[in-house]
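Quick note: the coordinates plus some simple rules give every number you see, no bench work behind them. This one's a predicted model, so the numbers in the text were calculated from it and none came from an experiment. Don't worry about glycine lacking a Cβ; one is built from the backbone with ideal geometry, like all the others, and counts go over all protein chains shown.
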Amino acid sequence: MQLPRIVITGVGLTAPNGNTLAEFRRNLLTGVSGIERLDVRYMGSLLAGVCHYDPLKYQTKKEVRVGTRAGSISIYCAREALADSQVNFAGLPKDRVGIYIGCTEHGNVETENEIFNISKFNYDTKFWSHYHNPRTVANNPAGETSLNLGVTGPAYTIGAACAAGNMGLIHATQMLRLGEVDFAICGGVSESIHTFGIFAGFKSQGALATNDDPAKASRPFDLARNGIVVSEGGGLYTLERLDDALARGAKIYAEIAGYAVNSDASDYVLPNPVRQAECVRKSIAHAGLRPRDVHIVNTHATATPLGDIQECEAIRAVFGEGCPDTYINNTKSFIGHCMGAAGALELAGNLPSFDDLVVHPTINVDALDPQCALPNLVLNEPQRVGQVDVILNNSFGMLGINSTLIVKRFVP
């Protein structure tokens, strides 16, 4: 039995350097970074990727106050994706709509804030917010979105560390193919910059980026890279079965071609290049393709000294020989690491390549680390290429979770 074809029909996002796909793409092609300085509780001024979307575009002030940053980002991105898809959302049976949102972590922001607030009252818990529990449950981002949209179908988050953005799309694809839903809103979000704990954690690991110039702080593959820039963001998509999309005359960005998910089972934080390469190979096989059929590989590389080298080793193992038309780039050099939103945003940044045949670069590579040298690595300036039919998106996370998603140019 042939599985239903699944296509992307809408994109909604907020990134540190753009609040629409058009703005995001323009800044990726013109070298505009979204990194700035942010005052972080107990830690002072640090580098971060901050989103500057309008939360009141789709929520009231009370809804923003009662809810969470992750929920607000999710609502904004979901509404933008729906608008972009031009679907008659009012006419869709809401019990047949699924919301699948990948998230790295959730609840830390709210818990830290509540503890800080009651510290002003000698830690008297009567001052603890009665909104705390719904704010901190893991399904909050998807749950807030379902409330805002009136969706009564399945709405939940997928915890997959920094592989979560890809996982949102993978899971939605599976649910559509199983016939569990008829329309999906999916991707990934993160509110990570609003918790000091994540900054403190990376700093304790010696993995928090520093640089006098915020725009140059995130520098994957560069010899001077010194760590991660923590960022927030969101990227959500509308996915549909192809027959449904064609029936309503939808614009189609791309078709889901293949995917794979596996685990390193080897270390808490250090990536395993053998397992990563296995994940990439499995996704290519799942798509019925060969490595040389892939035209863009978007890397996960976060600008940690060891992590970048490990991923480059994995990419060489798969694409090192016989792939003259495979180009490699990185989006975190512009926006930092958006955690649960990373994979979803990085896919979005490359989707327009199907139309303009331009590969956005990795910026801030002043001196390429020889251990990160890769064939056709696009550095510092965009590169026009002859063909873009297949894009492969890598997203890897702590505790060894790996996800690879492949999309292809839609051909009827």
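Brief remarks on what is shown
- Label-point separation, ARG65 to ALA285 (7 Å along Cα→Cβ), nm: 5.6 nm
- Segment LYS203-TYR131, extension gain: residue separation times 0.36 nm, minus the distance between their alpha carbons: 22.9 nm
- Rg to Rh, two decimals, where segment 206-331 supplies the alpha carbon set and Rh follows Kirkwood: 1.03
- Counting only residues at least eight positions apart within a chain, or on another chain, the aspartates and glutamates with an alpha carbon under 14 Å from that of LYS120 are GLU112.
- Take the Cα of ASN380, go 7 Å toward its beta carbon, and the backbone nitrogen atoms of segment 328-369 under 11 Å from that spot belong to 363-368.
- With Cα atoms as the point set, segment 150-264 shows a radius of gyration and Dmax of 18.5, 54 Å.
- P(r) tail for segment 271-412: Cα pairs beyond 26 Å make up 14% of the total.
- Two-site label geometry, ASP366 and ASN108: point separation in nm, points 7 Å out along Cα→Cβ: 3.0 nm
- Scattering profile of segment 86-147 at q = 0.14, 0.18, 0.20, 0.29 Å⁻¹ [log10 I(q)/I(0), Debye over alpha-carbon scatterers]: -0.56, -0.74, -0.82, -1.19
- Highest to lowest packing among 230-236, 217-223, scored as the average C-beta count within 10 Å: 230-236, 217-223
- Rg/Rh (Cα only; Kirkwood hydrodynamic radius) as it applies to segment 43-93: 1.11
- Ordering of 182-188, 281-287 by burial proxy (mean other Cβ atoms within 10 Å per residue, highest first): 182-188, 281-287
- Translational diffusion coefficient (Stokes-Einstein; Kirkwood radius from C-alpha pairs) of segment 53-197 at 25 °C, 0.890 mPa s, in µm²/s: 154 µm²/s
- Under 26 Å of direct C-alpha separation, and excluding same-chain neighbours fewer than eight residues apart, LYS57 reaches these lysines: LYS94, LYS251.
- For the chain, the spread of Cα positions along the three principal axes, ordered from largest to smallest, is 66, 52, 39 Å.
- Using 0.36 nm per residue and subtracting the Cα-Cα separation, the extra length available between LYS120 and ASP267 on full extension is 48.9 nm.
- Relative contact order (%) - the chain, alpha-carbon pairs under 8 angstrom, separation at least six: 23 percent
- Ordering of 55-67, 386-398, 318-330 by packing [mean C-beta count within 10 Å, highest first]: 386-398, 318-330, 55-67
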